[in-house]
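See structure below.
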Amino acid sequence: MKLSKTYEPKAYEPNIYQLWETSGAFKPSGDGEPYSIIMPPPNANASLHTGHAMFVVQDILIRYHRMKGDRTIYIPGADHAGFETWVVYEKHLEKQGKSRFDFNREELYQQTWDFVAQNRGLMEVQLKEMGLSCDWSKLVFTLDDSVVDIAYDTFKKMWDDGLIYRGERIVNYCTKHDTSFADIEVVYKDEKSHLWTIIFPLADGSDVIEIATTRPETMVGDVAVAVNPKDERYKHLVGKEISLPLTDRYIPIIADEMVDMEFGTGAVKITPAHDPNDFEVVERHPDLPRLNVIGFDGKMNENAPEKYRGLDVLEARQSILDDLEELKLLTEVKDHQHSVGHCYKCGTVIQPLLKDQWFIKVESLAKQAIEKIEEGEIKFIPENKGRVLVNYLKNLRDWNISRQIPWGIPIPAFQNIDDESDWIFDERVKKQVIEVDGKKYQRDQDTFDTWFSSAQWPYIVTKYHDSKELEEFFPNNVMETGGDIIFQWVSRMIMMSLYREQTIPFKDVYLHGLILAEDGQKMSKSKGNVLNPQGIIEEYGSDALRLGLMASRSAGQNQAFGKDKVIAGRNFCNKLWNIARYIENQVSVSSSDSFPATNNQAPSPITAADHWIIRELNATTNNVATMLEEYRFAEAYEAVYHTIWDKVADWYIEASKGQQNSSMMLWVLETCLKIAHPFAPFVTETIWQTLDWHPKNQGLLISSTWPRHADYDSDQANSFEQLQLIITETREVLGIIGSKNIALLTNSSQLILENDEIIRRMGRVGYIQTADEESGLRLTSTHEHAWLDLDEEQIKLYADTLKKKLEVVANEASALEHRLANEGYIKNAPVALVAESREILKLKLNQAEHLKHQLKHL
RNA sequence: GGGCGAUUAGCUCAUUUGGCUAGAGCGCCACAUUGACGUUGUGGAGGUGGGAGGUUCGAAUCCUCCAUCGCCCACCA
């Protein structure tokens, strides 16, 4: 087949993907060990971002294991992305002049479903563009019935085990989105505000107590003032009553350890309904009420004094401050910086509000997870992330799983209409009201936190999916995801799987860092520095994107994504392409007697270069395998890159122009394609498909086997290294003196005489001759005896370099001598290392001799 | 307040049990060449590995302290 001069990804990539898919290459096959990776499901109705491009890591592992002969499966998913999608849909409603309050929950769910269906599919196309070799027939959507069934099953089990409770607790509430959030979803930002000091007079008028607050508006919800029991300043006041300003209520002064005597005035107002700490104080003082003064709309409610009702929080703050000022109860206003929780989506200040929600008791779950991680049952890459996770789990608080949005899995719980405290589990969530034992129950309006079902993803998509057909793939081998969701997702998957399946969900966790923009900043739409994978693929091709992402990147480390590496990747693809083009032109393929690697045939080396390249490819094949198994992707890629470029292209192919062994060239090409395939699947498969010596429509590279070790002769391989030294040194000398048509002379070297053609071509010497007497410039880097036929003038041009070389070599030699003179070194260092040092020293001394000798004649 | 990470060539970053002359990509300099590839070839310059101590025969790597930058968690009346 005639190939174009440069590789044009766009001309081949779509066809190649289709070829893989229709051939069934993505399905598990053979009877090897099961190997599975499940894809973290991308948002079903959004485009991929650069973070998703790191899924390439998963694909590299999958392709490598498939070639290695494992029964391999890579399962894709699509996420309904509860809150994310809801936000998008609500905006969509807003544009149409509607809101969530115009519809009931079923209607909203259906509408959102349709909306998602319309936009769905984009991300699938994009995942395919990246070449991800996943089994699309096994795709699971996070709202599929099978997912909901298992989520309900788990919820029921937890309910029965007493791990689920409903409680009125402080929740993080976004008044714009009308939903609560888990602690981890709240974003804290430092804000400049004030610390106000307010006088609270005692009811009997005998004294006053000053309190400090950053949220004066909540004072109308105060139920007590607390002081530290050890605080001498206030001891005499504990138990007395305060007449709460601006209200007609009387509240007690209580003692509680939580109060920091150093902060503010040492006296704290207690607002249990709007502050998590105060809530805890009230739990220790059960007589105190929980007075709710802020509504879910973010406005002061009917429990607030009439004057402030209906004002939003900030308006109420100002109004209350004005009133206090007027009453001369405001004694001090200080600048104060403190962190304030915000909705991670819209930035609205999160209100801590009291709400009945479903919670999961996490203590026992976290404990199990900690044990397994500490025992090393799950391996983290990078390692330290395991410790980070344990640290997090040790301080975990109960998990609020209720969300007040329609787009999600309805919580299967019903409340007795006549008895608020009577809740039952029931899966008939499509009904508003059900009847059980003659009692009427009303459905909870809330849906699950998306992470409640996502946390169960590993066993949902393997163990229980498709009538347990994929059971052998659980636990999964690797969970590969972004380090930024280790708490939200990874921790919960581990907890849920240990709880429900009594086993870890996956053996290894590989976490990639954030892909930062080229300027090192986080990518964000508002900064306008977002690079999306589609754009890169469009410009440079999919393989270039993959290679660019893998190069020089280490696990867990955030790193800027630069185009430089993508360009280097594209150039590498082109190099591969041209290697193939050259070999295919050279080799006569009329006879199909030799397609060595395809049939796992051993290559048939003849020349020194043949033996040498077998040795190099053997080594690289092994190294790459080892490094992939250790998740060292950047190093594995680098090994492939340099072996193919520096060794195959620059030495083996160049040498083949002097001495060609056709069948070896085929073997070399096939081996290169195989080791490069996990990294650059498109270009390698494209080339594979053009190999004329393969029977048509038979055998895809993706399904071929990882290269095997091939035999070679060590002496021959070493000989080729000597040739390389001769050629390199010759090039260097001739480069400096700028002369051509110089002769290389030798008196005895068979190697040189036998490789006349190669040395002449590659070393650019005019001719090679035997000579009895040495003259000109002796080559020093090889132990073959050879010299360049230069005259005095020419050698003088080289003298400076010669001197520098001598200096370097002499320094190295003396460093080695010094080291070898050190008794400690001889005694403690490994024997092989010492022997090696001696060997190198010998070499250096020898070289120095030659150099000195040469210089003497100048 | 607690935890984590980073600091290596002009730039972006690699380097796994501590051991050859610390590497790569891009950039830079010089040269070559258009019969595989200019998305090329050949040769080269460029680093006292943030700082200070320590352990060791030997430290970018292990320990201690310091500095700068970044992230996460918790608290913040």
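Here are the numbers:
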{"read-out": "Vicinal HN-Hα couplings computed from phi for the range A:657-674 (Karplus, 6.51 cos²θ - 1.76 cosθ + 1.60; Hz; Gly/Pro x)", "value": "6, x, 9, 10, 10, 4, 5, 5, 4, 5, 4, 4, 4, 5, 5, 4, 4, 5"}
{"read-out": "Listed pairs A:Lys522/A:Lys674; A:Lys394/A:Lys507; A:Lys138/A:Lys563; A:Lys5/A:Lys657; A:Lys367/A:Lys522; A:Lys10/A:Lys657 exceeding 27 Å between Cα atoms", "value": "A:Lys522/A:Lys674; A:Lys138/A:Lys563; A:Lys367/A:Lys522; A:Lys10/A:Lys657"}
{"read-out": "Crossing angle, helix A:608-629 versus chain A [Cα axis fit, 0-90 degrees, rounded to tens]", "value": "10 degrees"}
{"read-out": "In range of the label at A:Lys525: residues from the range A:332-346 whose backbone nitrogen is under 15 Å from the point 7 Å along Cα→Cβ", "value": "A:344-346"}
{"read-out": "Sites matching trypsin sites (Lys or Arg not before Pro) across the range A:739-774 that sit in DSSP coil, with at most 14 neighbouring C-beta atoms within 10 Å", "value": "A:Lys740"}
{"read-out": "Within-13-Å neighbourhood charge of A:Phe101 [Cβ basis; K, R +1; D, E -1]", "value": "-3"}
{"read-out": "Stretchable slack from A:Ala117 to A:Glu306, in nm (0.36 nm times residue separation minus alpha-carbon distance)", "value": "63.2 nm"}
{"read-out": "Kirkwood Rh and Cα Rg combined as Rg over Rh, evaluated for the range A:402-501", "value": "1.09"}
{"read-out": "Square roots of 5 times each gyration tensor eigenvalue, C-alpha, the range A:69-169, largest first, Å", "value": "29, 26, 10"}
{"read-out": "For chain A: relative contact order, % (alpha-carbon pairs under 8 angstrom, 6 or more apart)", "value": "12 percent"}
{"read-out": "Residue-by-residue Karplus 3J(HN,Hα) for the range A:368-374, coefficients 6.51, -1.76, 1.60, Hz, glycine and proline x", "value": "4, 4, 4, 4, 5, 5, 5"}
{"read-out": "Whole-percent carbon and sulfur share, accessible surface of the range A:313-359, 1.4 Å", "value": "45 percent"}
{"read-out": "Helix-only mean residue ellipticity at 222 nm for chain A, each DSSP H run of n ≥ 4 adding -39500 (n - 2.57), per residue, nearest 500", "value": "-13000 deg cm²/dmol"}
{"read-out": "A:Asp484 paired with A:Gln368, simple spin-label distance in nm, labels 7 Å along Cα-to-beta-carbon", "value": "3.1 nm"}
{"read-out": "Percent of beta bridges antiparallel (DSSP, the range A:410-514, rounded to nearest 5)", "value": "65 percent"}
{"read-out": "Point-to-point label distance, A:Phe141-A:Gln445, nm (Cα→Cβ direction, 7 Å offset)", "value": "2.6 nm"}
{"read-out": "Gyration tensor verdict on the range A:111-230 (Cα atoms; rounded if a/c is under 1.5, prolate if a/b is larger than b/c, oblate otherwise)", "value": "prolate"}
{"read-out": "Separation in nanometres of the label points that stand 7 Å from Cα toward Cβ, at A:Asp426 and A:Leu725", "value": "8.7 nm"}
{"read-out": "Rg over Rh [alpha-carbon atoms, Kirkwood Rh] for the range A:700-858", "value": "1.08"}
{"read-out": "Kirkwood Rh and Cα Rg combined as Rg/Rh, chain A", "value": "1.12"}
{"read-out": "Using θ = phi - 60° and Karplus 6.51 cos²θ - 1.76 cosθ + 1.60, couplings along the range A:182-194 (whole Hz; Gly, Pro as x)", "value": "5, 3, 5, 8, 8, 9, 9, 10, 6, 10, 7, 8, 10"}
{"read-out": "Options A:Ile242, A:Leu841, A:His853, ranked by Cα towards positive dipole end of chain A, top entry (Cβ charges)", "value": "A:His853"}
{"read-out": "For A:Asn529, distant residues with modelled amide H under 5 Å away", "value": "A:Ser524"}
{"read-out": "Residue pairs, from the table A:Lys269/A:Lys334; A:Lys527/A:Lys565; A:Lys98/A:Lys355, whose Cα atoms sit over 20 Å apart", "value": "A:Lys527/A:Lys565; A:Lys98/A:Lys355"}
{"read-out": "Counting DSSP beta bridges with both ends in chain A, the antiparallel % (nearest 5)", "value": "70 percent"}
{"read-out": "Cα-based helix-to-principal-axis angle, A:9-23 vs chain A, degrees rounded to 10", "value": "70 degrees"}
{"read-out": "Selection of trypsin sites (Lys or Arg not before Pro), the range A:145-216, meeting DSSP coil and at most 16 other Cβ within 10 Å", "value": "A:Lys176"}
{"read-out": "Anchor A:Lys827: lysines whose Cα lies under 30 Å away (excluding residues fewer than 8 positions away in-chain)", "value": "A:Lys842, A:Lys844"}
{"read-out": "Dipole magnitude of the range A:300-373 about its Cα centre (Cβ charges: Lys, Arg +1; Asp, Glu -1), debye to nearest 20", "value": "560 debye"}
{"read-out": "Degrees between helix A:145-160 axis and first principal axis of chain A (Cα, 0 to 90, nearest 10)", "value": "50 degrees"}
{"read-out": "Charge dipole magnitude, Cβ of K and R +1, D and E -1 - chain A, Cα centre, debye nearest 20", "value": "1620 debye"}
{"read-out": "Low-density loop cleavage sites - trypsin sites (Lys or Arg not before Pro) in the range A:314-370, where at most 14 other Cβ are within 10 Å (DSSP)", "value": "A:Lys328"}
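The values are calculated or read from the model by the stated rules, or taken from the named source; none is laboratory data. Everything quoted here is computed from the prediction, not taken from an experiment. Heads up, the Cβs are rebuilt from the backbone with ideal geometry, glycines too, and the neighbour counts pull from every protein chain shown. The protein model used for the area step is the full one, side chains on, heavy atoms only, and it has no ligands, DNA or RNA in it. Shrake-Rupley method; radii C 1.70, N 1.55, O 1.52, S 1.80 Å.
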